[in-house]
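A short worksheet on the structure shown next.
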Amino acid sequence: MRRLHLPAAYDTARWPDSHWRATAPPPVRAPFEGPAEAGVAVIGAGYTGLSAALALAEAGVPVTVLDAGQPGWGASGRNGGFCCKGGAKLSDAQLVRRFGREETAAFLRFQDDAVAHVGATLERHGMDAERGPDGEVCLAHSPAAWAAMQAEAEARRALTGRAPRLIPAEELRQEGLAMAGAHGAEVDPVGFPLHPMKYVLGLAAAAEAAGARVCGGSAVTGLRPEAGRWRLDTERGPLLADKVLVATNGYSAEDLPPWIGGRTLGAYSTILVTRPLTDDERQAQGWTSQSMAYDSRRLLHYFRLLPDGRFLFGMRGGLSARPEAQARVAREAREDFEAMFPAWAGVETEREWSGLVCLTGSLTPYAGPVPGAEGLWAAFGWHGNGVSTASYAGHLTGRRMAGEALRLPAPIATPPRRFPIPALRLPLKRLAYALIGWREGRPGRHQAPL
Ligand SMILES: Cc1cc2nc3c(=O)[nH]c(=O)nc-3n(C[C@H](O)[C@H](O)[C@H](O)COP(=O)(O)OP(=O)(O)OC[C@H]3O[C@@H](n4cnc5c(N)ncnc54)[C@H](O)[C@@H]3O)c2cc1C
(Lines give C-alpha, C1' and ligand atoms only; values in the text may rest on other atoms or scores of the structure.)
Protein backbone atom coordinates (compact mmCIF):
# COMPACT_ATOMS: atom_id res chain seq x y z
CA MET A 1 0.00 0.00 0.00
CA ARG A 2 1.19 3.49 -0.79
CA ARG A 3 1.24 5.97 2.08
CA LEU A 4 1.96 9.66 2.36
CA HIS A 5 4.02 9.64 5.55
CA LEU A 6 6.89 7.43 6.72
CA PRO A 7 5.92 3.84 7.65
CA ALA A 8 6.39 4.65 11.36
CA ALA A 9 3.24 6.82 11.24
CA TYR A 10 1.11 3.74 10.42
CA ASP A 11 2.98 1.13 12.45
CA THR A 12 0.31 -0.43 14.65
CA ALA A 13 2.99 -2.14 16.73
CA ARG A 14 3.60 1.36 18.12
CA TRP A 15 0.76 2.77 20.15
CA PRO A 16 1.70 5.95 22.03
CA ASP A 17 1.58 5.80 25.79
CA SER A 18 -1.17 8.42 26.03
CA HIS A 19 -3.00 9.59 29.12
CA TRP A 20 -6.09 7.92 27.64
CA ARG A 21 -4.50 4.49 27.26
CA ALA A 22 -3.08 4.78 30.77
CA THR A 23 -6.48 5.59 32.29
CA ALA A 24 -8.65 3.29 30.14
CA PRO A 25 -6.50 0.34 29.02
CA PRO A 26 -8.11 -0.97 25.84
CA PRO A 27 -8.95 -4.69 25.63
CA VAL A 28 -7.43 -6.54 22.66
CA ARG A 29 -9.77 -7.75 19.90
CA ALA A 30 -8.82 -11.00 18.14
CA PRO A 31 -7.76 -10.80 14.50
CA PHE A 32 -10.12 -11.58 11.64
CA GLU A 33 -9.99 -15.18 10.37
CA GLY A 34 -11.05 -15.74 6.76
CA PRO A 35 -12.49 -16.65 4.46
CA ALA A 36 -15.74 -15.10 5.67
CA GLU A 37 -18.68 -13.04 4.38
CA ALA A 38 -20.50 -9.93 5.58
CA GLY A 39 -23.25 -7.64 4.39
CA VAL A 40 -20.98 -4.68 5.09
CA ALA A 41 -17.24 -4.58 5.78
CA VAL A 42 -15.91 -1.51 7.57
CA ILE A 43 -12.21 -0.63 7.32
CA GLY A 44 -11.13 1.31 10.42
CA ALA A 45 -12.36 1.05 14.01
CA GLY A 46 -12.45 4.70 15.04
CA TYR A 47 -15.49 6.88 15.67
CA THR A 48 -16.49 6.79 11.98
CA GLY A 49 -16.28 3.05 11.41
CA LEU A 50 -17.70 2.03 14.78
CA SER A 51 -20.61 4.52 14.64
CA ALA A 52 -21.48 3.16 11.20
CA ALA A 53 -21.14 -0.43 12.42
CA LEU A 54 -23.41 0.27 15.37
CA ALA A 55 -26.10 1.77 13.12
CA LEU A 56 -25.77 -1.09 10.61
CA ALA A 57 -25.93 -3.79 13.28
CA GLU A 58 -28.96 -2.13 14.85
CA ALA A 59 -30.61 -2.20 11.40
CA GLY A 60 -29.99 -5.96 11.27
CA VAL A 61 -27.16 -5.86 8.70
CA PRO A 62 -24.30 -8.36 9.27
CA VAL A 63 -21.24 -6.12 9.66
CA THR A 64 -17.55 -6.82 10.23
CA VAL A 65 -15.10 -4.09 11.26
CA LEU A 66 -11.40 -4.59 10.51
CA ASP A 67 -8.69 -2.45 12.07
CA ALA A 68 -4.99 -2.74 11.41
CA GLY A 69 -4.43 -1.85 15.07
CA GLN A 70 -7.18 -2.02 17.66
CA PRO A 71 -10.36 0.03 18.18
CA GLY A 72 -9.10 3.51 19.06
CA TRP A 73 -5.56 2.91 17.80
CA GLY A 74 -5.97 5.84 15.38
CA ALA A 75 -6.93 9.41 16.20
CA SER A 76 -10.11 8.30 18.00
CA GLY A 77 -8.08 7.01 20.95
CA ARG A 78 -5.52 9.85 20.95
CA ASN A 79 -7.44 13.11 20.64
CA GLY A 80 -8.15 15.97 23.04
CA GLY A 81 -11.70 14.80 23.77
CA PHE A 82 -13.31 18.03 22.56
CA CYS A 83 -16.78 17.04 21.39
CA CYS A 84 -17.51 20.27 19.56
CA LYS A 85 -18.70 21.80 16.32
CA GLY A 86 -16.50 21.79 13.22
CA GLY A 87 -15.38 19.46 10.46
CA ALA A 88 -14.38 21.84 7.67
CA LYS A 89 -11.42 24.20 7.32
CA LEU A 90 -13.45 26.92 5.57
CA SER A 91 -15.03 29.96 7.22
CA ASP A 92 -18.80 30.45 7.11
CA ALA A 93 -18.32 33.07 4.38
CA GLN A 94 -16.23 30.69 2.25
CA LEU A 95 -18.82 27.93 2.71
CA VAL A 96 -21.60 30.31 1.65
CA ARG A 97 -19.63 31.28 -1.47
CA ARG A 98 -19.07 27.65 -2.42
CA PHE A 99 -22.34 25.98 -1.36
CA GLY A 100 -24.87 28.80 -0.88
CA ARG A 101 -26.54 30.11 2.23
CA GLU A 102 -29.09 27.34 2.72
CA GLU A 103 -26.63 24.45 2.51
CA THR A 104 -24.18 26.28 4.77
CA ALA A 105 -26.90 26.83 7.37
CA ALA A 106 -27.82 23.12 7.04
CA PHE A 107 -24.16 22.18 7.61
CA LEU A 108 -24.03 24.38 10.73
CA ARG A 109 -27.18 22.64 12.03
CA PHE A 110 -25.55 19.30 11.19
CA GLN A 111 -22.66 20.25 13.50
CA ASP A 112 -25.07 21.05 16.36
CA ASP A 113 -26.83 17.75 15.72
CA ALA A 114 -23.49 15.93 15.70
CA VAL A 115 -22.70 17.11 19.24
CA ALA A 116 -26.22 16.19 20.38
CA HIS A 117 -25.84 12.77 18.73
CA VAL A 118 -22.73 11.98 20.81
CA GLY A 119 -24.50 13.09 24.00
CA ALA A 120 -27.48 10.88 23.16
CA THR A 121 -25.22 7.92 22.28
CA LEU A 122 -23.42 8.17 25.63
CA GLU A 123 -26.75 8.16 27.40
CA ARG A 124 -28.49 5.49 25.35
CA HIS A 125 -25.65 3.01 25.82
CA GLY A 126 -24.81 4.00 29.38
CA MET A 127 -21.22 4.89 28.44
CA ASP A 128 -19.28 6.55 31.24
CA ALA A 129 -16.95 8.70 29.17
CA GLU A 130 -16.39 11.46 31.77
CA ARG A 131 -18.62 14.01 30.03
CA GLY A 132 -17.66 17.51 31.20
CA PRO A 133 -19.50 20.85 31.27
CA ASP A 134 -21.19 22.26 28.17
CA GLY A 135 -19.59 25.09 26.21
CA GLU A 136 -16.44 25.81 24.23
CA VAL A 137 -14.24 28.87 24.61
CA CYS A 138 -12.18 30.47 21.85
CA LEU A 139 -9.53 32.96 23.05
CA ALA A 140 -8.48 35.75 20.69
CA HIS A 141 -4.67 35.71 20.32
CA SER A 142 -4.38 39.28 18.97
CA PRO A 143 -6.35 42.55 18.88
CA ALA A 144 -7.19 41.84 15.22
CA ALA A 145 -8.48 38.38 16.15
CA TRP A 146 -10.66 39.94 18.86
CA ALA A 147 -12.10 42.44 16.36
CA ALA A 148 -12.77 39.61 13.87
CA MET A 149 -14.39 37.54 16.61
CA GLN A 150 -16.85 40.35 17.37
CA ALA A 151 -17.68 40.82 13.67
CA GLU A 152 -18.11 37.06 13.12
CA ALA A 153 -20.42 36.77 16.11
CA GLU A 154 -22.74 39.24 14.39
CA ALA A 155 -22.49 37.41 11.06
CA ARG A 156 -23.26 34.09 12.79
CA ARG A 157 -26.31 35.68 14.42
CA ALA A 158 -27.55 36.71 10.98
CA LEU A 159 -26.99 33.21 9.58
CA THR A 160 -28.34 31.07 12.41
CA GLY A 161 -30.21 33.42 14.76
CA ARG A 162 -27.67 32.62 17.52
CA ALA A 163 -24.31 34.09 18.42
CA PRO A 164 -21.58 33.08 20.87
CA ARG A 165 -21.22 35.01 24.16
CA LEU A 166 -18.28 37.45 24.09
CA ILE A 167 -15.96 38.04 27.08
CA PRO A 168 -13.66 41.09 27.03
CA ALA A 169 -10.04 40.60 28.16
CA GLU A 170 -10.51 42.32 31.53
CA GLU A 171 -13.19 39.77 32.54
CA LEU A 172 -11.29 36.62 31.62
CA ARG A 173 -9.70 36.11 35.05
CA GLN A 174 -13.02 36.25 36.87
CA GLU A 175 -14.32 33.61 34.44
CA GLY A 176 -11.32 31.38 35.32
CA LEU A 177 -9.96 31.79 31.79
CA ALA A 178 -6.77 33.81 32.28
CA MET A 179 -4.34 32.92 29.52
CA ALA A 180 -1.32 35.10 28.75
CA GLY A 181 -1.76 37.05 25.52
CA ALA A 182 -5.57 36.69 25.33
CA HIS A 183 -7.44 39.75 24.01
CA GLY A 184 -10.96 38.48 24.68
CA ALA A 185 -12.95 35.31 24.15
CA GLU A 186 -16.16 33.90 22.80
CA VAL A 187 -18.14 31.08 24.36
CA ASP A 188 -20.19 28.78 22.21
CA PRO A 189 -22.71 26.94 24.39
CA VAL A 190 -22.62 23.81 22.21
CA GLY A 191 -20.11 21.04 22.95
CA PHE A 192 -18.59 19.21 25.91
CA PRO A 193 -15.36 17.41 26.76
CA LEU A 194 -15.10 13.64 27.19
CA HIS A 195 -12.57 10.83 27.63
CA PRO A 196 -11.94 9.90 23.99
CA MET A 197 -10.72 6.35 24.64
CA LYS A 198 -13.63 5.51 26.95
CA TYR A 199 -15.95 6.80 24.23
CA VAL A 200 -14.41 4.81 21.38
CA LEU A 201 -14.28 1.65 23.50
CA GLY A 202 -17.94 2.26 24.43
CA LEU A 203 -18.78 2.45 20.73
CA ALA A 204 -16.94 -0.81 20.02
CA ALA A 205 -18.75 -2.57 22.86
CA ALA A 206 -22.14 -1.17 21.77
CA ALA A 207 -21.55 -2.24 18.15
CA GLU A 208 -20.59 -5.75 19.31
CA ALA A 209 -23.61 -5.95 21.61
CA ALA A 210 -25.79 -5.06 18.61
CA GLY A 211 -24.24 -7.93 16.62
CA ALA A 212 -21.22 -6.42 14.81
CA ARG A 213 -17.94 -8.32 14.60
CA VAL A 214 -14.98 -6.09 15.55
CA CYS A 215 -11.49 -7.40 14.70
CA GLY A 216 -8.12 -5.98 15.76
CA GLY A 217 -4.72 -6.67 14.20
CA SER A 218 -6.43 -7.04 10.81
CA ALA A 219 -4.91 -4.77 8.19
CA VAL A 220 -6.75 -4.75 4.88
CA THR A 221 -4.06 -5.11 2.24
CA GLY A 222 -6.20 -5.27 -0.89
CA LEU A 223 -9.68 -4.24 -2.01
CA ARG A 224 -11.25 -5.18 -5.32
CA PRO A 225 -14.60 -6.10 -6.87
CA GLU A 226 -15.18 -9.85 -7.26
CA ALA A 227 -18.34 -11.47 -8.66
CA GLY A 228 -20.61 -8.52 -7.83
CA ARG A 229 -19.22 -8.15 -4.29
CA TRP A 230 -16.11 -6.64 -2.71
CA ARG A 231 -13.11 -8.72 -1.70
CA LEU A 232 -10.95 -7.47 1.16
CA ASP A 233 -7.61 -9.22 1.59
CA THR A 234 -6.08 -9.65 5.02
CA GLU A 235 -3.12 -11.64 6.31
CA ARG A 236 -5.49 -14.37 7.55
CA GLY A 237 -7.75 -14.70 4.54
CA PRO A 238 -10.31 -12.69 2.58
CA LEU A 239 -13.59 -11.12 3.59
CA LEU A 240 -16.31 -10.92 0.93
CA ALA A 241 -18.88 -8.18 1.46
CA ASP A 242 -21.79 -6.66 -0.45
CA LYS A 243 -20.74 -3.17 0.60
CA VAL A 244 -17.61 -1.60 2.09
CA LEU A 245 -17.10 1.55 4.14
CA VAL A 246 -13.61 3.03 4.12
CA ALA A 247 -13.20 4.82 7.46
CA THR A 248 -9.44 5.28 7.67
CA ASN A 249 -9.27 9.12 7.79
CA GLY A 250 -5.74 10.40 8.60
CA TYR A 251 -4.37 6.84 8.34
CA SER A 252 -5.71 6.26 4.81
CA ALA A 253 -3.49 4.66 2.17
CA GLU A 254 -3.17 6.36 -1.21
CA ASP A 255 -4.54 3.28 -3.00
CA LEU A 256 -7.21 1.86 -0.69
CA PRO A 257 -9.18 2.63 -2.78
CA PRO A 258 -7.21 4.51 -5.49
CA TRP A 259 -10.02 7.15 -5.61
CA ILE A 260 -8.95 8.42 -2.17
CA GLY A 261 -5.34 8.94 -3.34
CA GLY A 262 -4.36 12.60 -3.48
CA ARG A 263 -7.61 13.67 -1.81
CA THR A 264 -6.43 13.35 1.81
CA LEU A 265 -3.58 14.87 3.76
CA GLY A 266 -2.76 13.38 7.16
CA ALA A 267 -1.52 16.15 9.46
CA TYR A 268 -0.04 15.78 12.91
CA SER A 269 -1.57 17.05 16.12
CA THR A 270 0.42 16.76 19.36
CA ILE A 271 -0.77 16.68 22.97
CA LEU A 272 0.94 16.99 26.33
CA VAL A 273 -0.67 16.29 29.71
CA THR A 274 0.78 17.66 32.94
CA ARG A 275 0.78 16.15 36.39
CA PRO A 276 -2.28 17.16 38.48
CA LEU A 277 -2.27 20.87 39.34
CA THR A 278 -2.98 21.95 42.90
CA ASP A 279 -5.77 24.45 43.67
CA ASP A 280 -3.12 27.06 44.46
CA GLU A 281 -1.43 26.51 41.12
CA ARG A 282 -4.72 26.93 39.25
CA GLN A 283 -5.49 30.12 41.17
CA ALA A 284 -2.00 31.46 40.51
CA GLN A 285 -2.55 31.20 36.76
CA GLY A 286 -6.20 32.29 36.97
CA TRP A 287 -7.31 29.25 34.97
CA THR A 288 -9.87 27.31 36.99
CA SER A 289 -12.54 26.65 34.36
CA GLN A 290 -13.28 23.05 33.34
CA SER A 291 -14.40 24.30 29.91
CA MET A 292 -12.63 23.18 26.79
CA ALA A 293 -10.80 26.02 25.09
CA TYR A 294 -8.64 26.88 22.10
CA ASP A 295 -6.96 29.95 20.68
CA SER A 296 -7.79 31.75 17.45
CA ARG A 297 -4.53 30.91 15.64
CA ARG A 298 -4.80 28.96 12.40
CA LEU A 299 -2.17 26.61 13.81
CA LEU A 300 -4.28 26.41 16.87
CA HIS A 301 -3.60 25.37 20.44
CA TYR A 302 -6.33 23.57 22.40
CA PHE A 303 -6.42 22.99 26.13
CA ARG A 304 -8.53 22.02 29.09
CA LEU A 305 -8.36 20.97 32.71
CA LEU A 306 -9.06 17.26 33.04
CA PRO A 307 -11.44 16.06 35.78
CA ASP A 308 -8.47 14.83 37.87
CA GLY A 309 -6.75 18.26 37.81
CA ARG A 310 -4.22 17.48 35.07
CA PHE A 311 -3.97 20.01 32.21
CA LEU A 312 -4.16 18.89 28.60
CA PHE A 313 -2.47 21.12 26.03
CA GLY A 314 -2.53 20.32 22.32
CA MET A 315 -1.07 21.88 19.23
CA ARG A 316 -1.27 21.41 15.48
CA GLY A 317 1.80 21.71 13.35
CA GLY A 318 3.99 18.57 13.35
CA LEU A 319 5.02 17.38 9.90
CA SER A 320 6.83 14.09 10.09
CA ALA A 321 7.02 10.77 11.96
CA ARG A 322 10.82 11.12 12.19
CA PRO A 323 11.80 10.92 15.89
CA GLU A 324 13.70 14.23 15.71
CA ALA A 325 10.67 15.98 14.12
CA GLN A 326 8.35 14.53 16.76
CA ALA A 327 10.74 15.61 19.53
CA ARG A 328 10.90 19.12 18.03
CA VAL A 329 7.14 19.59 17.94
CA ALA A 330 6.84 18.23 21.50
CA ARG A 331 9.43 20.81 22.56
CA GLU A 332 7.53 23.58 20.75
CA ALA A 333 4.27 22.50 22.38
CA ARG A 334 5.95 22.74 25.77
CA GLU A 335 7.38 26.21 24.96
CA ASP A 336 3.95 27.45 23.88
CA PHE A 337 2.30 25.93 26.97
CA GLU A 338 4.76 27.77 29.23
CA ALA A 339 4.29 31.05 27.34
CA MET A 340 0.50 30.87 27.46
CA PHE A 341 0.32 29.59 31.07
CA PRO A 342 3.45 31.10 32.64
CA ALA A 343 2.44 30.29 36.23
CA TRP A 344 2.78 26.61 35.29
CA ALA A 345 6.21 26.84 33.70
CA GLY A 346 7.57 24.55 36.44
CA VAL A 347 4.77 21.97 36.19
CA GLU A 348 6.09 18.76 34.63
CA THR A 349 4.71 17.08 31.54
CA GLU A 350 3.61 13.54 32.43
CA ARG A 351 2.89 12.25 28.94
CA GLU A 352 2.97 13.51 25.38
CA TRP A 353 1.95 11.88 22.12
CA SER A 354 0.72 12.67 18.63
CA GLY A 355 -1.54 11.36 15.89
CA LEU A 356 -2.85 12.11 12.42
CA VAL A 357 -5.89 14.22 11.58
CA CYS A 358 -7.16 14.43 7.99
CA LEU A 359 -7.52 17.36 5.59
CA THR A 360 -9.01 17.08 2.10
CA GLY A 361 -8.30 18.92 -1.14
CA SER A 362 -11.59 20.82 -0.74
CA LEU A 363 -11.05 21.57 2.97
CA THR A 364 -14.48 19.97 3.57
CA PRO A 365 -15.33 16.49 4.90
CA TYR A 366 -17.01 13.73 2.92
CA ALA A 367 -19.44 10.94 3.77
CA GLY A 368 -21.07 9.01 0.93
CA PRO A 369 -20.61 6.62 -1.95
CA VAL A 370 -17.32 6.52 -3.82
CA PRO A 371 -18.20 7.82 -7.29
CA GLY A 372 -18.25 5.10 -9.94
CA ALA A 373 -17.76 2.18 -7.52
CA GLU A 374 -21.06 0.44 -6.74
CA GLY A 375 -21.28 -0.59 -3.07
CA LEU A 376 -18.11 1.26 -2.01
CA TRP A 377 -18.52 4.10 0.51
CA ALA A 378 -16.10 6.40 2.30
CA ALA A 379 -16.29 8.86 5.22
CA PHE A 380 -13.27 11.02 6.09
CA GLY A 381 -11.77 14.50 6.28
CA TRP A 382 -12.91 15.83 9.67
CA HIS A 383 -10.15 18.46 9.70
CA GLY A 384 -9.12 17.70 13.26
CA ASN A 385 -12.68 17.84 14.51
CA GLY A 386 -13.98 14.31 14.41
CA VAL A 387 -15.27 13.48 17.89
CA SER A 388 -18.73 14.72 17.00
CA THR A 389 -18.54 15.02 13.19
CA ALA A 390 -17.00 11.59 12.49
CA SER A 391 -19.42 9.96 14.93
CA TYR A 392 -22.52 11.53 13.43
CA ALA A 393 -21.39 11.21 9.81
CA GLY A 394 -20.46 7.55 10.50
CA HIS A 395 -23.85 6.94 12.09
CA LEU A 396 -25.76 8.50 9.18
CA THR A 397 -23.59 6.67 6.65
CA GLY A 398 -24.36 3.37 8.37
CA ARG A 399 -28.06 4.12 8.15
CA ARG A 400 -27.76 5.09 4.48
CA MET A 401 -25.84 1.89 3.72
CA ALA A 402 -28.63 -0.03 5.45
CA GLY A 403 -31.04 1.49 2.93
CA GLU A 404 -32.43 4.66 4.58
CA ALA A 405 -32.89 7.63 2.27
CA LEU A 406 -31.14 10.43 4.16
CA ARG A 407 -29.80 13.64 2.68
CA LEU A 408 -26.64 15.25 4.03
CA PRO A 409 -25.82 18.97 3.62
CA ALA A 410 -23.79 19.80 0.50
CA PRO A 411 -20.52 20.66 2.30
CA ILE A 412 -20.28 17.04 3.53
CA ALA A 413 -22.11 15.35 0.61
CA THR A 414 -19.86 16.74 -2.14
CA PRO A 415 -16.88 14.50 -3.00
CA PRO A 416 -13.71 16.42 -2.16
CA ARG A 417 -11.24 17.48 -4.82
CA ARG A 418 -7.73 16.14 -5.06
CA PHE A 419 -4.98 18.43 -3.79
CA PRO A 420 -3.67 20.42 -6.77
CA ILE A 421 -0.25 18.71 -6.89
CA PRO A 422 -0.65 15.61 -4.68
CA ALA A 423 3.05 14.71 -4.78
CA LEU A 424 3.89 18.07 -3.22
CA ARG A 425 1.40 17.87 -0.34
CA LEU A 426 4.03 17.59 2.39
CA PRO A 427 6.51 20.22 1.11
CA LEU A 428 3.64 22.64 0.41
CA LYS A 429 2.25 22.03 3.86
CA ARG A 430 5.67 22.72 5.36
CA LEU A 431 5.71 26.01 3.46
CA ALA A 432 2.15 26.86 4.54
CA TYR A 433 3.00 26.16 8.19
CA ALA A 434 6.09 28.35 7.95
CA LEU A 435 4.09 31.21 6.40
CA ILE A 436 1.27 30.94 8.93
CA GLY A 437 3.78 30.72 11.78
CA TRP A 438 5.59 33.78 10.42
CA ARG A 439 2.33 35.77 10.19
CA GLU A 440 0.87 34.65 13.52
CA GLY A 441 4.02 34.11 15.58
CA ARG A 442 4.27 31.27 18.07
CA PRO A 443 3.57 32.20 21.69
CA GLY A 444 6.67 30.30 22.86
CA ARG A 445 8.99 31.85 20.32
CA HIS A 446 9.03 35.53 19.66
CA GLN A 447 11.09 35.55 16.49
CA ALA A 448 9.40 34.46 13.30
CA PRO A 449 10.46 30.97 12.11
CA LEU A 450 11.45 32.12 8.60
C1 LIG B 1 -3.71 14.52 18.79
C2 LIG B 1 -5.09 14.69 18.24
C3 LIG B 1 -6.00 15.52 18.90
C4 LIG B 1 -7.30 15.67 18.40
N5 LIG B 1 -8.21 16.38 19.15
C6 LIG B 1 -9.51 16.40 18.75
C7 LIG B 1 -10.49 16.97 19.58
O8 LIG B 1 -10.22 17.38 20.72
N9 LIG B 1 -11.76 17.03 19.13
C10 LIG B 1 -12.12 16.52 17.91
O11 LIG B 1 -13.28 16.62 17.52
N12 LIG B 1 -11.20 15.91 17.12
C13 LIG B 1 -9.92 15.81 17.53
N14 LIG B 1 -9.01 15.16 16.76
C15 LIG B 1 -9.46 14.52 15.52
C16 LIG B 1 -10.25 13.25 15.77
O17 LIG B 1 -9.57 12.45 16.71
C18 LIG B 1 -10.44 12.50 14.45
O19 LIG B 1 -11.06 13.35 13.52
C20 LIG B 1 -11.31 11.27 14.61
O21 LIG B 1 -10.87 10.45 15.68
C22 LIG B 1 -11.29 10.47 13.31
O23 LIG B 1 -11.99 9.27 13.51
P24 LIG B 1 -11.97 8.18 12.37
O25 LIG B 1 -12.73 7.02 12.88
O26 LIG B 1 -12.46 8.79 11.10
O27 LIG B 1 -10.43 7.82 12.14
P28 LIG B 1 -9.36 7.18 13.15
O29 LIG B 1 -9.81 7.19 14.56
O30 LIG B 1 -8.05 7.79 12.86
O31 LIG B 1 -9.37 5.64 12.73
C32 LIG B 1 -8.87 5.19 11.50
C33 LIG B 1 -8.50 3.74 11.70
O34 LIG B 1 -8.26 3.14 10.42
C35 LIG B 1 -7.35 2.09 10.63
N36 LIG B 1 -6.79 1.70 9.33
C37 LIG B 1 -6.11 2.46 8.45
N38 LIG B 1 -5.77 1.75 7.36
C39 LIG B 1 -6.26 0.51 7.56
C40 LIG B 1 -6.24 -0.70 6.80
N41 LIG B 1 -5.64 -0.77 5.60
N42 LIG B 1 -6.83 -1.81 7.31
C43 LIG B 1 -7.45 -1.77 8.52
N44 LIG B 1 -7.47 -0.67 9.27
C45 LIG B 1 -6.90 0.46 8.81
C46 LIG B 1 -6.32 2.64 11.60
O47 LIG B 1 -5.65 1.60 12.29
C48 LIG B 1 -7.21 3.52 12.51
O49 LIG B 1 -7.50 2.87 13.74
C50 LIG B 1 -7.69 15.01 17.21
C51 LIG B 1 -6.79 14.18 16.55
C52 LIG B 1 -5.50 14.02 17.05
C53 LIG B 1 -4.55 13.11 16.33
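The values are calculated or read from the model by the stated rules, or taken from the named source; none is laboratory data. Computed from a predicted model, the values in this text were never measured in an experiment. Don't worry about glycine lacking a Cβ; one is built from the backbone with ideal geometry, like all the others, and counts go over all protein chains shown. These accessible areas exclude ligands, DNA and RNA; they are computed on the full protein's heavy atoms, side chains included. Shrake-Rupley method; radii C 1.70, N 1.55, O 1.52, S 1.80 Å.
Test residue 76 against the criterion of being closer than 26 Å to residue 121 by Cα, touching a residue at least 60 places away in the same chain (Cβ under 8 Å), in contact with a Gly (Cβ under 6 Å, 6 or more places away or on another chain) and within 14 Å of the ligand (Cβ to nearest atom), and give yes or no.
yes
Among (1) part of a loop (DSSP other than H, G, I, E, B); (2) within 20 Å of the chain's Cα centre (by Cα), where does residue 42 come up short?
It is condition (1) that residue 42 fails.
Just the residues that are exposed (fewer than 15 other Cβ atoms within 10 Å of the Cβ), assigned to a helix (DSSP H, G or I) and in contact (Cβ under 8 Å) with a residue 24 or more places away in the chain, please, taken from the range 156-172.
Answer for the range 156-172, where residues must be exposed (fewer than 15 other Cβ atoms within 10 Å of the Cβ), assigned to a helix (DSSP H, G or I) and in contact (Cβ under 8 Å) with a residue 24 or more places away in the chain: just 160.
Among the listed residues 53, 57, 22, 93, identify the single one that is buried (at least 20 other Cβ atoms within 10 Å of the Cβ), part of a helix (DSSP H, G or I) and away from the ligand (no atom under 12 Å from the Cβ).
57
Wholly within the range 205-269, which strands (runs of 3 or more DSSP E) include no fewer than the required count, namely at least 2 residues that are within 13 Å of the ligand (Cβ to nearest atom), crowded, with 18+ Cβ neighbours inside 10 Å and modelled with pLDDT of 95 or more?
In the range 205-269, 213-215, 239-246 are the strands (runs of 3 or more DSSP E) which contain 2 or more residues that are within 13 Å of the ligand (Cβ to nearest atom), crowded, with 18+ Cβ neighbours inside 10 Å and modelled with pLDDT of 95 or more.
Are there any pairs, at least 6 apart or on different chains, whose C-beta atoms fall under 6 Å, with the first in the range 388-408 and more than 19 Å from residue 244 (Cβ to Cβ) and the second among the polar types (S, T, N, Q), and if so, which?
From the range 388-408, the pairs are 391/51.
All but one of (1) open to solvent by 20 Å² or more (accessible area, probe 1.4 Å); (2) closer than 25 Å to residue 416 by Cα; (3) in contact with a Pro (Cβ under 7 Å, 6 or more places away or on another chain); (4) within 10 Å of the ligand (Cβ to nearest atom) hold for residue 10; which doesn't?
Only one criterion in (1) open to solvent by 20 Å² or more (accessible area, probe 1.4 Å); (2) closer than 25 Å to residue 416 by Cα; (3) in contact with a Pro (Cβ under 7 Å, 6 or more places away or on another chain); (4) within 10 Å of the ligand (Cβ to nearest atom) is unmet by residue 10, namely (3).
Could you check the range 101-126 and list, in sequence order, the residues that are polar (S, T, N, Q) and loosely packed, with under 14 Cβ neighbours inside 10 Å?
Scanning the range 101-126 gives no hits.
Run residue 348 past the list (1) open to solvent by 40 Å² or more (accessible area, probe 1.4 Å); (2) farther than 30 Å from residue 277 by Cα and report the number of the one that doesn't hold.
All conditions pass for residue 348, except number (2).
Are any residues in the range 79-89 open to solvent by 20 Å² or more (accessible area, probe 1.4 Å) and out of contact with any helix residue (DSSP H, G or I) (no Cβ under 7 Å at 6 or more places or on another chain), and if so, which ones?
Of everything in the range 79-89, just one residue is open to solvent by 20 Å² or more (accessible area, probe 1.4 Å) and out of contact with any helix residue (DSSP H, G or I) (no Cβ under 7 Å at 6 or more places or on another chain), namely 89.
Suppose the filter is buried (at least 17 other Cβ atoms within 10 Å of the Cβ), outside any loop (DSSP other than H, G, I, E, B), touching a residue at least 24 places away in the same chain (Cβ under 8 Å) and away from the ligand (no atom under 16 Å from the Cβ); does residue 437 pass it?
Criteria met by residue 437.
Limited to the range 6-64, what total is found for residues that are closer than 13 Å to residue 208 by Cα, of a type in the set (D, E, K, R) and touching a helix residue (DSSP H, G or I) at 6+ places or on another chain (Cβ under 8 Å)?
Residues in the range 6-64 being closer than 13 Å to residue 208 by Cα, of a type in the set (D, E, K, R) and touching a helix residue (DSSP H, G or I) at 6+ places or on another chain (Cβ under 8 Å): 1 in total.
When the residues of the range 271-306 are narrowed to those that are within 25 Å of residue 326 (Cβ to Cβ) and outside any strand (DSSP E or B), which ends up most open to solvent (accessible area, probe 1.4 Å)?
Ranking the candidates gives 298 first.
Can you name the helices (runs of 4 or more DSSP H) wholly within the range 316-428 that have at least 2 residues being within 15 Å of the ligand (Cβ to nearest atom)?
Where helices (runs of 4 or more DSSP H) fall fully within the range 316-428 and carry at least 2 residues being within 15 Å of the ligand (Cβ to nearest atom), they are 323-340, 386-401.
If residue 37 satisfies every condition in (1) open to solvent by 50 Å² or more (accessible area, probe 1.4 Å); (2) in a loop (DSSP other than H, G, I, E, B) but one, which is the exception?
Residue 37 satisfies all of (1) open to solvent by 50 Å² or more (accessible area, probe 1.4 Å); (2) in a loop (DSSP other than H, G, I, E, B) except (2).
Please work out which residue is farthest from residue 291 (Cα to Cα), limiting yourself to the range 188-204 and to residues that are touching an Asp or Glu at 6+ places or on another chain (Cβ under 7 Å) and open to solvent by less than 40 Å² (accessible area, probe 1.4 Å).
195
Could you check, for the range 100-108, whether at least one of its residues is modelled with pLDDT of 95 or more, among the aromatic types (Phe, Trp, Tyr) and away from the ligand (no atom under 11 Å from the Cβ)?
Scanning the range 100-108, I find at least one residue that is modelled with pLDDT of 95 or more, among the aromatic types (Phe, Trp, Tyr) and away from the ligand (no atom under 11 Å from the Cβ), so the answer is yes.
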